[in-house]
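Working notes, beginning with the structure itself.
The values are calculated or read from the model by the stated rules, or taken from the named source; none is laboratory data. Given the structure is predicted, the values throughout are model-derived calculations rather than measurements. Cβ: placed from backbone, ideal geometry, glycine included. Neighbour counts: every protein chain shown.
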């Protein structure tokens, strides 16, 4: 019976994520990952065609894990407003639980050499992005968003705002404060309640706040 490999792909990617969190994408080299994992360099080249493939897998595994949880939370509520606020909160919850992966997520695919990825890796990234855009687009429609300003408002609530809070704290090597989840959820609720299809907008009268501009 063949001996199972001592270092599997997940272990090597875990080591690469730790390096990326500590030193940025530039610190993720084949030699550095092998050293961090305590593995022979041959283990890296057996699983990754080269550094570009390694960087692609580091980014894609991270963002796919994030997207999986985010989409699950977003669709777990019959009430779309609750789903939107829960998804916003999830961004902070996930980053708190996975600070090293959060550091990767805050960099973006360009920092991990997307232009040098294989067609297969780029296609995989695009598929994930389409799933996210479709889910947020459905939510935008369900909330009665009217035009690009409403879409921008929802994007701010669901993505930009929670990531900004995470970046401000984790990006400086700090930790997320205990109130971060509640803060982003409250802010998201305020933004969502300005959309025409939300209960908050209905209570104030559709378009009420906008008429005062």
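Across segment 111-128, a minimum of one residue is classified as under 24 Å from residue 22 (Cα atoms) and not in a helix (DSSP H, G or I). There is no residue in segment 172-190 that is modelled with pLDDT under 90, surrounded by 12 or more Cβ atoms within 10 Å (Cβ to Cβ) and either out of contact with any strand residue (DSSP E or B) (no Cβ under 9 Å at 6 or more places or on another chain) or outside any loop (DSSP other than H, G, I, E, B) (or both).
For segment 112-168, the tally of residues that are in contact (Cβ under 8 Å) with a residue 24 or more places away in the chain and within 21 Å of residue 101 (Cα to Cα) stands at 18. Only a single item in (1) without any contact (Cβ under 8 Å) to a residue 24 or more places away in the chain; (2) crowded, with 19+ Cβ neighbours inside 10 Å is not met by residue 76, and it is number (2). In segment 28-60, the residue that is nearest to the chain's Cα centre (by Cα) out of those that are in a loop (DSSP other than H, G, I, E, B) and surrounded by fewer than 21 Cβ atoms within 10 Å (Cβ to Cβ) is 29. The residues of segment 75-90 that are part of a helix (DSSP H, G or I) and over 13 Å from the mean Cα position of the chain (by Cα), listed by number, are 80, 81, 82, 83, 84, 85, 86. Can you find even one residue in segment 138-157 that is closer than 30 Å to residue 19 by Cβ and in a helix (DSSP H, G or I)? Scanning segment 138-157, I find no residue that is closer than 30 Å to residue 19 by Cβ and in a helix (DSSP H, G or I), so the answer is no.
Give the residues of segment 140-169 that are surrounded by 13 or more Cβ atoms within 10 Å (Cβ to Cβ) and more than 17 Å from residue 187 (Cβ to Cβ), sorted by residue number. 140, 142, 144, 145, 146, 151 - these are the residues of segment 140-169 that are surrounded by 13 or more Cβ atoms within 10 Å (Cβ to Cβ) and more than 17 Å from residue 187 (Cβ to Cβ).
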